[in-house]
Amino acid sequence: MKQEIFIGRNSAILNFSTKYCDTSENLLSSSSFKKVLSKYIRLIESKNTSVFQFLKSSCNEDISETMIRLFKLLIILDKKEVSKLDPTLTSLLNKESLLFEFIEGLYSYWRKYERYAIIRNKNASLGLQNINFIDSMNSFTNLILKTYRVVEENILGEHHRVYRQLHAGVNAGLILNDITWKCPKEYSFLEKIPFVESIVLQPPFITYPGKNTRKGIFCENKENPIENLTLNLENWICFPAKVGELLAFVYFDINFMAQGVTLSNLFELAKKEEYIDKKPDIIYMYGVKDFHSEMRTEFYKDSQNDIMVGYVNFNEGIDYFGYMKKMILTLHNLKMIDSGYLPIHGAMVNLTFKNGLEKNVIIMGDSGAGKSESLEAFRKLSEDYVKDMKIIFDDMGVLKLDNNTLTASGTEIGAFVRLDDLDIGYPYKEIDRSIFMNPDKINSRIIIPISTHADITKKYPVDMFLYANNYEEGEELEFFESSNLAKPTFINGARNAKGTTSEIGLVTSYFANPFGPVQRKDDTDILIDKYFDKMFNDNTLVGQIRTGLGIEGLEKAGPEKAAKKLFELLIK
């Protein structure tokens, strides 16, 4: 990105490397300001508002140029002085209420964008630059506020009495570096795409993606969809993510900047030394503009380079974080299956009780089965029962069998949770570090960090392995006596769909995991037999927990009641 500002679908990205405004004069003279101003004027023109009619009748020349000239004078002179200096602006200044309405509308229009700033370096930056970048973001916010207030006060002829210190600058900033890595020749075009070194978020970070659910499964392509791909490289950024123990290079088009930035709350951003001169395990291209009008969500196994490749084309249908997150996890899971490990779609918690007892519990289930909601119920009950509670995974983990020892570990440092399924008030307590998606709609989401990468990648023994049954009433806990009795429930993967995907009603999915096991069913069947036999040989408790999440009236009470029953069993 070389231009001063990029305005995409619902975002504005400022390039601080190309242009950084440090005075009101610089701001009003910038091409970025003129571009935003012109777009707003075109918007009110399309609606033929009374404000636009006022501007049209009051401006003798181009409206944008006239307003910029007016604003430049108003940052140093009051209304009377401006009229005296430039009588052609008097007609604008005489209609104080309409001029004030225009300024308020322009300010609101700017703030409705998801606003980002980037700095691009040719090599890895020093920590000092990170501090300077944070300072520059704060200074830019203050500059916007100062300019807006001074212009209004010079029109009104008096100071405001109430000042609101809003984030009028940018919501997030990214420091980008040009990096060298062990790039196979087929992917040489990727070498020119900068990497995210660090991200600065201004919470609460609220985004409004175009979609609110995900549909379908990711399909395998027998041909590499990204080999020798042609891209507008100026519009691409790479987020180097640590997905469990794997390294993923996640490339995204800046039209989907919100999805890329949100990764920082879900996956650990890798350190420079973890990816410089390294080859990734995963490459994912999100938002590729190709010649296909239909949505493509594909993966490819590059055996020659030992890389799993993900591909999603540019389409309004992919504007949902689930397509970003779930493809990354699918690619991770396929690598795990190839290594002889069993991916688990579920949640795992490490509990240390007040009596010193430590237990590790896994709850498995597909989207909306009650995994995250059970963890939320655990959190609410923890004060009465638990001394320490660590969430190892909230959505996707993996069972490993090394040296005949069964362990489990996680993939993500954050949680992607439905707001409706959290305790009322909890999101507001965590607002300072959360990312909200479509908080005004059904299936609204919060993405929040919950664990450290060190904690999720440790290998934990498994004390209890449960299936989240959200569709049946009955005894909250039920345990199976053998592997053959247990496997059908887990393999069938039944649940009452909760609106997290496009599915409705009672549905099933193989092993409750359409993110890898479905695509490698034969291999997963073998692993299921192996791992379930091991759990029963080790006397691990294997059963199901009836969360009630999919039953009307039990959405809150069901998970809490089941969690309490589980806690009472664990501390016996």
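The values are calculated or read from the model by the stated rules, or taken from the named source; none is laboratory data. Since this is a predicted model, take the numbers as computed values, not measurements. Note that we place each Cβ from the backbone using ideal geometry, even for glycine, and neighbour counts take in every protein chain shown. When the accessible area is computed, the model is the full protein with side chains, heavy atoms only, and any ligands, DNA or RNA have been set aside. Shrake-Rupley method; radii C 1.70, N 1.55, O 1.52, S 1.80 Å.
Of note:
- Within the range 139-172, the set of residues being among the small types (Gly, Ala, Ser) and either free of Cβ contacts under 8 Å to residues at least 60 places away in the same chain or in contact with a Cys (Cβ under 9 Å, 6 or more places away or on another chain) (or both) comprises Gly169 only.
- Matching option when the condition is outside any helix (DSSP H, G or I), within 26 Å of Pro204 (Cα to Cα) and open to solvent by less than 10 Å² (accessible area, probe 1.4 Å), among Ile442, Ile447: Ile447
- Filter result for Ala241 (out of contact with any helix residue (DSSP H, G or I) (no Cβ under 8 Å at 6 or more places or on another chain) and either polar (S, T, N, Q) or open to solvent by less than 20 Å² (accessible area, probe 1.4 Å) (or both)): no
- Hey, Glu101 within 27 Å of Val170 (Cβ to Cβ) and either surrounded by 13 or more Cβ atoms within 10 Å (Cβ to Cβ) or modelled with pLDDT under 95 (or both) or not: yes
For every residue, the table says whether it meets (1) farther than 16 Å from Ile118 by Cβ; (2) open to solvent by 20 Å² or more (accessible area, probe 1.4 Å); (3) among the charged types (D, E, K, R).
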site: Asn132; (1), (2), (3): no, yes, no
site: Phe140; (1), (2), (3): no, no, no
site: His159; (1), (2), (3): yes, yes, no
site: Asn177; (1), (2), (3): no, no, no
site: Lys185; (1), (2), (3): yes, yes, yes
site: Ile199; (1), (2), (3): no, yes, no
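- Where Tyr275 falls short, out of the listed (1) out of contact with any Phe, Trp or Tyr (no Cβ under 7 Å at 6 or more places or on another chain); (2) more than 14 Å from Ile318 (Cα to Cα); (3) buried (at least 18 other Cβ atoms within 10 Å of the Cβ): (1)
- Pairing each residue of the range 273-294 that is within 21 Å of Pro184 (Cβ to Cβ) with any residue that is assigned to a loop (DSSP other than H, G, I, E, B) and open to solvent by less than 10 Å² (accessible area, probe 1.4 Å), provided the two are 6+ apart or on different chains, yields C-beta distances under 6 Å for Met285/Ile226.
- For Lys34, the conditions (1) at pLDDT 95 or above; (2) open to solvent by less than 20 Å² (accessible area, probe 1.4 Å); (3) touching a Ser or Thr at 6+ places or on another chain (Cβ under 7 Å) all hold with the exception of (2).
- Lone unmet requirement of (1) out of contact with any Gly (no Cβ under 7 Å at 6 or more places or on another chain); (2) open to solvent by 10 Å² or more (accessible area, probe 1.4 Å); (3) in contact (Cβ under 8 Å) with a residue 60 or more places away in the chain for Asn255: (1)
- Among the residues making up the range 78-98, those that are surrounded by fewer than 17 Cβ atoms within 10 Å (Cβ to Cβ) and basic (Lys, Arg) are Lys80, Lys84, Lys95.
- Scanning the range 261-294 for residues that are polar (S, T, N, Q) and either in contact with a His (Cβ under 8 Å, 6 or more places away or on another chain) or farther than 17 Å from Thr452 by Cα (or both) yields one hit, Ser293.
- Asp432 surrounded by fewer than 23 Cβ atoms within 10 Å (Cβ to Cβ), under 25 Å from Ala172 (Cβ atoms) and at pLDDT below 90: yes
- For Thr49, the conditions (1) out of contact with any Lys or Arg (no Cβ under 9 Å at 6 or more places or on another chain); (2) open to solvent by 10 Å² or more (accessible area, probe 1.4 Å); (3) closer than 30 Å to Val200 by Cα are fulfilled apart from (3).
- In the range 293-324, the residues that are open to solvent by less than 10 Å² (accessible area, probe 1.4 Å) and of a type in the set (A, V, I, L, M, F, W, C): Phe299, Ile307, Met308, Val309, Val312, Ile318, Phe321, Met324
- Here the range 206-231 is the region considered, the condition is being free of Cβ contacts under 8 Å to residues at least 60 places away in the same chain and loosely packed, with under 14 Cβ neighbours inside 10 Å, and the residue that is farthest from Ala258 (Cα to Cα) is Asn228.
- Only residues that are more than 27 Å from Met389 (Cβ to Cβ) and free of Cβ contacts under 8 Å to residues at least 12 places away in the same chain were counted across the range 530-568, and they come to 3.
- When the range 76-107 is filtered for residues that are in a loop (DSSP other than H, G, I, E, B) and under 13 Å from Leu28 (Cβ atoms), only Ile76 remains.
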